[in-house]
Amino acid sequence: MKILIAIGGREFSKPTLDLGMKIANSFKSSTTIAYVGKKISQFSEKDVSVVHQNLDNRELYRPGIRTLEWAYDFLISKKYIEEKDSNKFNDYLLVDEENSRMKVLLKGQQSDKIDLIMRTGEIIEQLKNEVETNKHDITIIGGGGNKGIHQKLVQFIDSSVFVVKNYSVNKKYRILVPVNESKGSDMAIETAINFAKSYKLDVEIVSVPEGKKSIKEVEKILLKTKDKFSKNKIKASTKLISGSAVNSIVNHAKDDSIVILGVSPKNPIMKYFFGSKPLSIAQKCNCPVLITK
Amino acid sequence: MNESYKVISSSILFWFSQKKWFVYSVLVSIFLLNLSTPVGLTVAAYHSLIILLLVFMLVTFEPIPFPAIALLTLVLQVVLGVAPPNVVASSFMNDAVLFVMGSLMFAIAIVHQGLDIRLAKLIIKIFGKSKRLFLAGLMTISAILSSFLGEHTVIAIMLPIGLSVIKNIDTQQSDGKNAVLLTLFSIAYGTIIGSIGTPSGGARNVIMINYLQEFSNVSIDYWKWMKHAYPILIIQLIVAYYVLQFTFPSSLNNIKMRGFKKNIGKTDVKKNINHLFSCLIIIGIIFSWFTFNDIYGLGIIALAGALTFMIFGMISWEEINKNTNWGVILLFAATISLGFQINETGASSWLVMKFNELLATLPSNSMNVSWSIMAVLSGLTANFFTSSATVSLIGPMAIELHPTDISFALSSAIASGFSFLTVISSPTAMILYSTGLVSTKMFFRVGILMFCISIIILYLMSQFYWVTL
């Protein structure tokens with residue numbers, strides 16, 4: 001499994017990095033930490049590139065490198081990377097790869113478990129390229145900023161998307177898994193099992209009876225899901241909640257929830273213009289939300 | 001749902017989300033093409049104005065690459081009957097385009113020589129007595145160099161010097177943050193202000209000189225431009241110094257004037273010779289601009305500069321090819337070609353006539369009002385559309401307002417150089433923004449004051465100084 005963590009400003013990226021690395025560890029996956037630099041006008045892109053080369057030649061940090069250095073130090077401080085004299089950040093090499101991608105190579109870095117990369121341009125386009133080129137399975141991004149970004153990420157990126165909103169490093173979390181009979185739910189359940197197992201988190205499975213579905217049918221889905229967790233020795237409870245799916249799940253999720261749910265099976269065109277339930281939940285919830293694909 | 005349907009519809013939606021401004025621009029153009037031609041305009045003139053609007057939208061929102069916009073401009077001029085193919089082709093290349101090409105290549109060659117180390121030492125030697133004087137020196141040297149070599153050359157040389165001196169400043173504290181901003185803005189404002197000083201300071205200046213020669217048969221040489229623009233540059237520099245000191249009050253305690261020394265190795269003999277030769281080439285080119293621009297044109301001289309660097313092996317063609325923005329060269333060539341057609345078809349005369357009709361409805365209709373509107377419009381458009389593209393499209397109208405009075409054309413070109421409001425307006429602003437140390441809001445907040453003061457300075461100089469020349 002491959003995980004992509006997109007970071008921006010330093011303080012805002014702390015929770016994203018921390019939770020992202022926890023997920024990466026729970027899946028024992030390789031991780032790419034990406035800094036996407038500001039989009040440069042076509043008028044000035046070559047001028048900016050010449051100036052950045054000049055900064056490299058003068059051993060001055062080019063924009064973005066300081067953020068990656070901060071991320072690297074943060075990972076060492078949290079023991080996600082073992083600290084050695086040989087893998088200090090100050091001895092790095094920037095490798096210019098294709099399509100606005102630059103990889104940071106540290107002199108003493110032996111493992112390929114964590115990659116540091118920089119990209120420049122429009123964020124959705126860059127992350128989409130990164131996911132397509134390197135086949136990442138989960139993209140993790142902070143919950144701040146423009147909400148439209150999250151919608152576009154979920155819509156266009158070919159990986160699961162984890163929006164890390166209002167996450168506190170020291171808080172004890174529980175996993176909230178809204179389920180129905182869709183394929184997307186099955187994937188969400190698998191992901192939730194892995195994550196809950198690694199970090200010994202409690203799980204609450206919820207479902208909302210909608211349309212023609214009887215309460216009995218929904219209860220059956222809940223029990224079937226609970227069984228899957230129990231087989232993996234994970235403490236799970238179930239709850240049937242009523243009302244509209246989006247509002248009732250948003251109201252049920254608390255600050256200490258991590259919501260894991262499947263992507264909507266809806267037509268992409270309908271999703272683009274009218275949104276989808278998972279997307280509305282991700283936008284309205286004040287806690288981390290993972291939409292699996 | 002069928003998986004291939006999902007993939008295809010998702011791809012189309014992604015294309016639309018990235019290119020929506022292209023779709024909107026095309027729809028607006030098709031809508032306008034279907035309206036009846038306004039009274040007083042020929043069909044060709046009307047179509048040239050529709051292409052102008054299309055180019056404005058596409059360049060502002062950048063939904064497709066610049067070379068694509070350039071090619072679209074050329075294709076539409078012929079397809080919509082604005083001009084025959086041979087006329088479009090011949091207006092595509094002139095001295096202004098050669099200047100854009102030559103100055104971009106020349107800039108890359110100069111930056112490649114690593115002259116910033118020597119320049120930093122020189123600035124310290126002259127202005128090193130105090131930190132405030134040092135920043136004033138950075139600003140002044142940036143302005144002087146930028147007036148001759150252009151913004152993109154100077155910012156590439158000066159920014160490493162600026163970033164070296166602020167390298168270890170803690171930006172969490174307001175004093176430190178202000179010191180960083182003061183240093184960066186001193187270099188940026190010096191560079192932006194300098195670019196109005198001589199014709200070679202910016203492509204927009206050369207484009208306007210070319211238009212004046214073609215449309216009004218008025219010739220402006222290097223000296224004449226400098227006599228008009230340099231006094232404005234000097235006043236603007238003094239104002240900018242105080243505006244920045246006022247906006248970013250700082251003790252400057254953390255600035256390390258000799259910070260750049262840690263970043264450089266010792267210069268060797270070969271490098272010394274290279275630097276000496278580079279300086280000789282630069283001086284030779286500036287001297288040629290002063291003395292031979294009437295005979296050879298500014299563009300050919302700039303190309304000669306790049307050529308000399310290549311012949312003497314001081315830079316390879318691969319390096320120049322890799323770093324030259326060919327898209328911008330194509331775009332300028334196409335917009336200049338469109339500018340010529342807007343003039344030839346009579347579209348610029350029609351626009352000016354409408355503008356004058358509008359002015360006639362105002363209570364005080366005078367030259368001053370039309371000058372002010374034109375200058376402010378040029379300045380504002382340049383801030384959202386970049387200066388050279390603005391002059392290449394608005395220039396013909398500015399000349400048409402008063403074909404025999406060069407103050408209108410000069411003011412339009414100079415006001416287009418007031419790139420203080422947005423980060424997309426000039427390479428300097430974009431490079432400053434790309435450092436991540438300056439936000440768009442910050443740039444606008446400081447810039448709005450400078451923009452207004454600069455327009456007032458330009459007005460006063462055109463009213464009271466230019467008339468004495």
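Each reported figure results from applying straightforward, stated rules to the coordinates on display, with no laboratory input. Owing to the predicted nature of the structure, the values given are computational and were not obtained by experimental measurement. Note: ideal-geometry Cβ built from the backbone for every residue, glycine included; neighbour counts use all protein chains shown.
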Anisotropy class of the range A:2-164 from Cα gyration tensor, a/c 1.5 cut:
oblate
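What number in nm² do you get for the range B:36-468 if you take the convex hull of its Cα atoms and divide its surface by four?
Taking the Cα atoms of the range B:36-468, their convex hull projects to 21.9 nm² on average.
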Rg/Rg_ref, chain A, where Rg_ref = 2.2 N^0.38 Å and atoms are Cα:
1.07
Taking θ = phi - 60°, what integer Hz values does the Karplus form 6.51 cos²θ - 1.76 cosθ + 1.60 yield along the range B:228-243, in sequence order, with x for Gly and Pro?
7, 9, 4, x, 5, 4, 5, 5, 4, 4, 5, 4, 4, 4, 6, 4
Once amide H atoms are placed 1.01 Å from N in the peptide plane, what residues at a sequence separation of 5 or more from A:Ile258, or on another chain, have their amide H within under 5 Å of its amide H?
A:Arg174, A:Ile175, A:Leu176
Taking the protein assembly as shown on its own, what percent of its Cα-Cα pair distances exceed 40 Å?
44 percent
Could you compute Rg(Cα) / (2.2 N^0.38 Å) for the range B:18-162, with N its residue count?
1.55
Counting other chain Cβ atoms within 10 Å of each Cβ in B:63-73 and taking the mean gives 1
Sort the following peptides by mean Cβ neighbour count (other Cβ atoms within 10 Å, averaged over residues), highest first: A:173-185, B:185-197, A:67-79.
B:185-197, A:173-185, A:67-79
More than 20 angstrom apart: percent of Cα pairs within the range B:102-193
34 percent
How far is helix B:43-61 tilted off the main Cα axis of chain B, in degrees rounded to 10, range 0 to 90?
40 degrees
When you look at the Cβ of every residue in B:423-430, what mean number of other chain Cβ atoms sits within 10 Å?
5
Computed over the range A:200-268, the convex hull of the Cα set has an average projected area, in nm², of 5.7 nm²
Can you grab the distance from the C-alpha centre of the range B:157-191 to the C-alpha centre of the range B:421-454, Å, no decimals?
14 Å
Placed amide H near A:Ile205: partners under 5 Å, 5+ positions off or other chain
A:Val177, A:Ser237, A:Thr238, A:Lys239
Each residue of the range B:89-98 in turn: what ³J(HN,Hα) in whole Hz from Karplus with 6.51, -1.76, 1.60 and θ = phi - 60°, glycine and Pro shown as x?
4, 6, 7, 6, 10, 8, 5, 5, 5, 4
Based on the Kirkwood radius over alpha-carbon pairs, what is the Stokes-Einstein translational diffusion coefficient of the range B:239-372 at 4 °C with 1.567 mPa s viscosity, in µm²/s?
61 µm²/s
Once phi is turned into θ = phi - 60°, what whole-Hz ³J(HN,Hα) does the Karplus curve with 6.51, -1.76 and 1.60 give for every residue of the range B:172-179, x standing for Gly and Pro?
6, 8, 5, 5, x, 4, 5, 5
Determine the distance separating the Cα centre of the range B:3-26 from the Cα centre of the range B:302-365; give it in Å without decimals.
32 Å
